[in-house]
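Derivation of every value follows stated rules applied to the coordinates shown; laboratory data play no part. Because the structure is predicted, anything quoted here is derived from the model rather than measured. Cβ atoms come from the backbone with ideal geometry, glycine included; neighbour counts cover every protein chain shown.
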C-alpha cells in the first residue's frame with residue numbers, strides 16, 4: 001500500500017448546520033440594524049415633494065407672481081428639509097432603540113411626542129441660520145406658515161419610515177423562509193446519514209461475528225478497528241465537512257478490518273496526493289464506495305484489488321474507487337443500489353449540480369466509481 005499524507009489533529013472543518021444563528025438571535029440582530037438615512041430612490045421624492053405639497057396646501061400661490069411663488073416655496077423647502085431630516089434621523093437611529101426599552105403604552109406615546117417635538121426643534125435650529133443667509137432674496141417664512149413645513153416634513157418622514165418598516169419585514173420573512181429551507185435540507189441530510197451509518201456498521205459486525213469462531217485474536221483486532229469506525233462515525237455525524245485525511249483514515253480502518261476477514265484475498269492500495277490532506281469533504285462519502293467495491297468485486301472471487309485515488313483537477317477534487325472485479329452489472333451479488341442512490345442524494349443536497357458520481361467500466365476489467373467534488377469544499 002502506498003500513501004503519503006501529513007497528519008492533522010482536527011476531525012473536521014465545519015460543524016453540521018454551519019454558523020447560522022438561531023432565528024430569534026437573527027431577528028434581534030436585524031432589529032438592531034439601522035437603515036440608510038435616505039434611500040437612493042428617495043432623493044427625488046425628498047427634493048420634489050416639498051414644493052408640490054406646498055402648492056397643494058396653498059393653491060392661492062398659483063395666482064401670485066412667479067418670483068413670489070419661488071421665494072415662498074424656497075423658504076418652505078428650507079424648513080421642510082431641515083425638520084424632515086431631523087425627524088427622520090431620530091426615527092431611524094434613536095426611537096427604535098428607545099421604544100424597545102419602554103413597555104407601558106402611555107410612556108411609548110410620550111416617547112413619540114417627545115421625539116416629534118425634538119425633531120421640530122432641531123429642524124428649526126438648523127434651518128434658521130440657512131433661512132437668514134437666504135433672507136436677502138427669500139423673505140423669512142412667517143411663523144404662522146410653519147405648519148406647511150411641518151405637514152410636508154411629517155408626510156416625508158411617514159413615507160420613509162413606512163418604507164423602512166416594509167423593507168425590514170420583507171427581509172425577515174425572506175430570512176425565515178431561508179432558515180426553514182436550510183432546516184429541511186439538514187433534516188434530509190441527517191436522514192440519509194442515518195441510513196448510511198447502520199448499513200456499513202451492521203456489515204462490520206457481521207465480519208467480527210464471523211471471525212470470533214475462526215480466530216479470536218483476529219476478531220479482537222477487528223473489534224479495535226470497528227471501535228475506530230464507531231468513533232469516526234459518531235464524530236462525523238455532527239459535522240457537515242471533515243478533512244480528506246480523516247476520511248481516508250476511516251477507510252483504512254475499514255479496509256484493515258475487512259483484510260482480517262479476507263486475508264490475502266483482498267489487496268488494497270491508497271494513492272492520495274499529499275497536498276490534499278486538508279481538503280474538506282462531506283463525511284462518509286468514500287467508505288460506502290469502498291464497501292461496494294469489496295461486495296461486488298472481491299466477495300465472490302478468490303483474490304481481488306481495491307484502489308482509492310484522490311487528485312485535484314483544476315477547481316475539482318476527483319476521488320476514484322476502483323476494483324478489478326467483473327465490472328458494472330456483471331456481479332453475481334445482487335444489490336439494490338441504495339447506498340449509491342443515497343450518496344447521490346446527499347451530494348445533490350450539499351453541492352447541487354457542482355458534484356457528480358459516475359460508475360464506469362474499468363479498462364482491462366473491473367469497475368471504477370468516480371466522485372467529483374468542488375475543491376475547497378465550496
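The ranking of 79, 268 from fewest to most other beta carbons within 10 Å of each one's beta carbon is 268, 79.
Each peptide in 286-296, 250-260 was scored by the mean count of other Cβ atoms within 10 Å over its residues; highest first, the order is 286-296, 250-260. In terms of the mean number of neighbouring beta-carbon atoms within 10 Å, the peptides 346-352, 361-367 order highest first as 346-352, 361-367.
Among 318-324, 261-267, sorting by the average number of other beta carbon atoms lying within 10 angstrom of each residue, highest first, gives 318-324, 261-267.
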